[in-house]
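Structure first, commentary second.
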Amino acid sequence: MSDAIVAAPRRARQNLGGLWIAPPALILALLFFYPLALIAREAFTDEAGAWTMAQALQVLQSRFFLNALLNTAEIAIAATMGCVILGVALALILAFTPFPGSNFIARLIDTFIALPTFLVTLAFTFLYGSAGILNGALMQGLHLALPPVDFLYSAWGVILAEVTVYTPFILRPLLASFSLVDRSQIEVASLLGARPWRIVRQVILPAAVPAVIAGGSLCLLLTVNEFGIVLFIGAKGVITLPLLVYDKAIQESDYQTACIIAIVNVALSLGLFGLYRFAARRLGG
Amino acid sequence: MSASALVGAPATVLSGAAAAQPARSNVHFDKVTVAYRGLTVLKPLTLEVAAGEILALIGPSGSGKTTALRAVAGFVRPASGRIVIGATDVTDLPPYERGLAMVVQNYALFPHMRVEENVAFGLNARGAPKAMIGERVADSLRIVGMAQYAKRYPRELSGGQQQRVAIARALAVRPRVLLLDEPLSALDAQIRRSMVEEIANLHRDLPELTILYVTHDQSEALTLADKIAIMRDGALSAHGPTGDLYRRPPNRFAAEFLGRANLLPVVVEEAGAAGGFVKARAGATSLVAAATGEQAGAKRLLCVRPQNVTLARQGERCNAISSILKEVHWQGELTHLVADVENTPMRVVTTRLPPLPERGGRLDLFFAPDDASLIAEDALV
């Protein structure tokens with residue numbers, strides 16, 4: 001009897017405790033899942049409101065979609081590789097060959113994370129654009145009629161801008177990882193006869209694999225979904241999936257096609273995220 | 001392959017200047033100083049470690065012992081002076097060309113490599129042929145008793161096992177000199193004692209291996225070292241064969257750092273007694289102690305180790321001094337007594353305890369002249 005008396009309020013408290021999940025779940029549903037559901041419904045229903053895959057299959061087989069998918073993959077992979085190479089090189093220098101002002105430079109690179117992506121693109125236009133500083137100097141110095149540097153308005157321009165913007169996303173976890181590398185391991189390796197490059201390859205970088213995977217996956221996710229840089233550079237023929245969604249929805253008012261492409265984009269992002277989690281788990285990250 | 005094959009053979013896989021040298025090497029510090037941002041942390045150090053010798057560098061934290069070791073390794077650049085290993089001046093050589101190996105406190109094993117890969121690391125780095133690497137790895141692991149753990153990762157080993165692997169990794173490259181930087185400090189007391197014995201056995205098997213051993217643990221130094229160098233405030237305070245340094249410390253710091261010592265203020269009564277002994281007076285008591293070059297009337301400290309003081313006369317020439325018993329501490333195998341002699345505490349460690357007076361009662365203490373030495377009261381660096 002006494003047990004029942006004690007147990008009743010406890011059960012009531014437990015039920016009440018479960019309710020705390022409701023407000024955040026409701027907010028999440030309203031702000032994220034409901035709009036996502038609307039996009040999915042728009043993508044997979046016909047004009048009569050019936051579920052269909054016909055339009056989706058047609059879009060997925062279209063040349064404009066496949067081109068955009070290929071562009072997106074090429075640019076994202078190239079930019080991520082650039083970020084990893086530049087990030088590893090910078091992190092090694094900043095972590096293992098400290099020089100006066102190295103901490104300041106690390107912080108300065110960090111600030112790129114806080115800047116809007118179009119700002120870098122705008123700066124690139126001033127630097128490498130047709131009427132930019134570099135072309136101006138070359139045309140004047142070499143007496144040229146046309147600007148000799150024109151990579152900015154191509155996929156290379158997009159890749160360079162994305163590498164500049166997203167390298168800090170690799171650099172920060174790498175610096176954190178390198179700060180945990182036991183310096184005595186490096187010293188012992190050196191005394192055993194290992195030259196610096198061998199130490200980097202066999203002692204330092206293996207310790208940084210989880211950080212490279214984490215940072216690289218984040219870069220890949222961000223570059224797959226990058227919109228501002230691609231739009232701002234306006235490279236001829238460089239249409240990525242986010243830009244295609246924008247074109248279809250805003251320029252052509254073809255919302256169903258836009259929603260189908262958006263669903264593909266979301267699936268791609270979730271797939272990459274799943275891959276990252278799998279790799280991080282396998283490598284102990 | 002015998003254990004001794006791991007040292008002394010031609011250094012076929014050594015690179016650079018080290019390749020020209022045999023594995024058996026001495027180390028010579030020639031007025032080596034080290035400074036960080038203008039602050040001198042190692043004052044001019046001149047020291048010789050003979051080939052095949054274990055030299056223990058001991059001293060309190062900040063005494064400069066680790067700095068001296070790091071200068072040999074090439075991790076710090078001397079501000080002045082030269083370091084010579086064998087016939088090679090290594091002062092300006094990078095660490096990877098010095099032909100050395102090191103074992104550190106936290107083992108510094110590479111966590112992503114298996115035990116055998118860790119041991120093979122140095123051989124790979126020095127470009128050894130594959131057949132030789134396999135043979136050396138197996139030999140090194142066998143010597144430290146870790147052959148059956150070759151396929152494991154460091155995280156799968158205990159602290160003592162990891163330290164054995166670190167020693168095997170260092171031995172595999174046949175170093176000219178093995179540097180040990182507080183290698184046992186991270187282990188618990190029981191494993192530490194066992195590892196000290198293992199390192200002593202290892203050196204018996206590899207008598208040509210020169211070892212520079214940095215520790216703050218005097219018992220490790222006394223057990224292992226052929227010679228001890230005591231560092232204090234960045235300078236060499238005392239240096240000599242282990243037994244001599246323990247029995248005849250040259251100064252107060254050495255006497256107190258290397259084991260416990262009773263230091264009784266005395267005045268030299270009569271210098272130049274036969275056999276290097278002098279007469280000295282503590283209060284009204286005349287004592288005989290080992291000393292050379294003392295002048296009559298000089299104030300000195302008479303140093304005698306607690307275990308050399310007895311409660312019964314041992315022979316005719318034995319010193320005898322009266323004291324007041326202050327404390328008795330029974331510790332199982334040993335009993336520690338503290339008595340007062342002329343307002344100076346005198347410690348006695350004994351295994352056999354005769355009947356004692358009450359605390360505050362008179363207690364006669366005895367010690368042989370050969371177990372006592374005179375040191376200068378203010379003898380510092």
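The values are calculated or read from the model by the stated rules, or taken from the named source; none is laboratory data. What you see is a predicted model, and the numbers here were worked out from it, not measured in a lab. Glycine gets a Cβ as well: all are built from the backbone with ideal geometry, and neighbour counts include every protein chain shown.
When you check B:Leu109 against the structure, is it assigned to a helix (DSSP H, G or I) and either within 11 Å of another protein chain (Cβ to nearest Cβ) or free of Cβ contacts under 8 Å to residues at least 40 places away in the same chain (or both), yes or no? Walk me through it before giving the result.
Details: assigned to a helix (DSSP H, G or I): no; either within 11 Å of another protein chain (Cβ to nearest Cβ) or free of Cβ contacts under 8 Å to residues at least 40 places away in the same chain (or both): yes.
No; evaluated as a whole, the condition is false for this residue.
Within segment B:117-126, how many residues turn out to be in contact with a helix residue (DSSP H, G or I) (Cβ under 7 Å, 6 or more places away or on another chain) and either surrounded by fewer than 24 Cβ atoms within 10 Å (Cβ to Cβ) or at the interface with chain A (Cβ under 7 Å from one of its Cβ atoms) (or both)?
Taking segment B:117-126 as the starting set, the residues that turn out to be in contact with a helix residue (DSSP H, G or I) (Cβ under 7 Å, 6 or more places away or on another chain) are B:118-125.
Then drop every residue that is not either surrounded by fewer than 24 Cβ atoms within 10 Å (Cβ to Cβ) or at the interface with chain A (Cβ under 7 Å from one of its Cβ atoms) (or both), which leaves B:120-122, B:124-125.
Matching residues across segment B:117-126 total 5.
If a residue must be free of Cβ contacts under 8 Å to residues at least 60 places away in the same chain and of a type in the set (Lys, Arg), how many such residues does segment B:168-198 contain?
2
Count, please, the residues in segment B:138-154 that happen to be modelled with pLDDT of 95 or more and within 14 Å of another protein chain (Cβ to nearest Cβ).
Of the residues in segment B:138-154, 2 are modelled with pLDDT of 95 or more and within 14 Å of another protein chain (Cβ to nearest Cβ).
Report, by residue number, each residue of segment B:136-188 that is in a helix (DSSP H, G or I) and of a type in the set (Val, Ile, Thr). Quick ask: steps written out before the conclusion?
Going through segment B:136-188, the residues in a helix (DSSP H, G or I) turn out to be B:136-143, B:147-149, B:154-156, B:159-172.
Residues satisfying the conditions are B:Val137, B:Ile143, B:Val165, B:Ile167.
For segment B:85-99, how many residues are away from chain A (no Cβ under 14 Å) and either crowded, with 22+ Cβ neighbours inside 10 Å or in a loop (DSSP other than H, G, I, E, B) (or both)?
Residues in segment B:85-99 being away from chain A (no Cβ under 14 Å) and either crowded, with 22+ Cβ neighbours inside 10 Å or in a loop (DSSP other than H, G, I, E, B) (or both): 4 in total.
At least 1 residues that are more than 11 Å from every other protein chain (Cβ to nearest Cβ) and surrounded by 19 or more Cβ atoms within 10 Å (Cβ to Cβ) in each: list the helices (runs of 4 or more DSSP H) lying fully within segment A:138-211 that qualify. Can you show your working first?
On the way: elements: A:155-179, A:183-191, A:196-199.
Once the helices (runs of 4 or more DSSP H) in segment A:138-211 are filtered for at least 1 residues that are more than 11 Å from every other protein chain (Cβ to nearest Cβ) and surrounded by 19 or more Cβ atoms within 10 Å (Cβ to Cβ), what remains is A:155-179.
Test of understanding: among B:Gly240, B:Gly234, which residue is surrounded by 15 or more Cβ atoms within 10 Å (Cβ to Cβ), small (Gly, Ala, Ser), free of Cβ contacts under 8 Å to residues at least 60 places away in the same chain and not assigned by TED's automatic domain parsing to the domain that holds B:Asp370? Don't jump to the end; show me each part of the working.
Details: B:Gly234 fails: free of Cβ contacts under 8 Å to residues at least 60 places away in the same chain.
Result of the check over B:Gly240, B:Gly234: B:Gly240.
Between residues in segment A:193-214 that are among the basic types (Lys, Arg) and residues that are part of a helix (DSSP H, G or I), which pairs lie under 8 Å by C-beta distance while being six or more apart or on different chains?
If the second residue must be part of a helix (DSSP H, G or I), the pairs left are A:Arg195/B:Tyr96; A:Arg195/B:Ala125; A:Arg198/A:Ala189; A:Arg198/B:Ala125.
Which of the helices (runs of 4 or more DSSP H) contained wholly in segment A:33-120 include at least 3 residues that are surrounded by 13 or more Cβ atoms within 10 Å (Cβ to Cβ) and in contact with a Ser or Thr (Cβ under 6 Å, 6 or more places away or on another chain)? If you could, list the steps in order and put the result at the bottom.
On the way: elements: A:34-43, A:54-61, A:63-96, A:102-114.
Hits in segment A:33-120: A:63-96.
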